[in-house]
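Everything on this sheet refers to the single structure shown next.
None of the figures in this text is laboratory data; all of them are computed from the coordinates on show. Predicted model, so just to flag it, every value in this text is computed and none were measured. Glycine also receives a Cβ, built like all others from the backbone with ideal geometry; neighbour counts cover every protein chain displayed.
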């Protein structure tokens, strides 16, 4: 009887010991909030690489606009996105060239949209009484853009608007570069004032906006980790100098300084903007990591490492840093959110990369073109929804990482 009871008790103890071992889903890193936020951020990050397999992302570039491309009737021009229209263009090009040759006569050309660059509010030379330009071909080939260079290999003059020379341009423009287009099967998210496809803008702009935040946060986090560990572990005058500098930088109005710097930078690329944002991204991680190192350097395993003769570098980055990974990851996601917010603020003010599609620059162009008053909700709504998804995902990741680092937030008792 006693033997049977002992055997049952022993089996119960073995089952109790094996139960946590077989519960593979009881890991703190399998936090639902963290996983949902991570999936949202990865979804935005993979929009570009995966989306270009199913959609022509070249439609997001500014050069895809009819205002920045030479007109289809210009010699040497070919469209890459509408082959049927190009075939029709080949049949009509001889007739258009004949019309262009007739337009090279000394007579004053008729009023044309090519003279004004497609601006319906501009006054033509005929209306103002001024003589037409001596070389109207360059303005015509660039769609009225004075800074663009014609792609056509042959010169062409401004054609009259009598119908035949403009017919190929209308065929290509209506099919591939529809301006102010509502969402259709050809353009699921519509088009904007320059004819750029909003789905292509989303596929290109969302990952690039996230890339700015990741680069800036990575640089700021690397500097913060180095300075925070150095100040917290060494202490003394090193701690005083680093703490004073970080406290001085953190009170500087970063957005105002970034606006001034961005206004003086002539060519602003994604990498340049990320470097500008990284100038103010390191004080926060420095203070956070310094505080954690100050409380961690007095623990037993750190003292044992010192007694064993380990170097300061070994203790800081091989003994203490693995225990601080959740804190570092939470600080990193917060820095990414702050960097994306600052970059979007600069871009909405028009200080971002003008030739690179990003979410902030898309909102800036929508505001400049009065898209809200025109009822073009797809122009400003698409980038805003993408930003909401990014910020929501990063917030969920931060909350999940806080719960991973602090067991009390998970509703569990801390075991010694």
task: Could you sort 275-286, 254-265 so that the peptide with the highest average Cβ count within 10 Å comes first and the rest follow in order?
output: 275-286, 254-265
query: Rounded, prolate or oblate: which one fits region 198-410, using the alpha carbon gyration tensor with axes a ≥ b ≥ c (rounded when a/c is under 1.5, else prolate when a/b beats b/c, else oblate)?
result: prolate
field: Theoretical gain in end-to-end length, residue 389 to residue 372 [0.36 nm per residue, Cα-Cα removed]
entry: 4.0 nm
query: Using the beta-carbon distance between residue 27 and residue 222 and R0 = 22 Å, what value does 1/(1 + (r/R0)^6) give for FRET efficiency, to the nearest 0.05?
result: 0.20
query: Peptides 30-36, 287-293: what's the order by average Cβ count within 10 Å, highest mean first?
result: 287-293, 30-36
Virtual spin-label span in nm between residue 58 and residue 341, 7 Å along Cα→Cβ: 4.0
message: Given an 8 Å cut-off on Cα distances and at least 6 residues of separation, report the relative contact order of region 198-410 as a percent.
response: 31
- request: Grab the beta carbon distance between residue 291 and residue 257, set R0 = 25 Å, and tell me the FRET efficiency rounded to 0.05.
  value: 0.45
task: Would you mind ranking 321, 40 by Cβ crowding within 10 Å, fewest neighbours first?
output: 321, 40
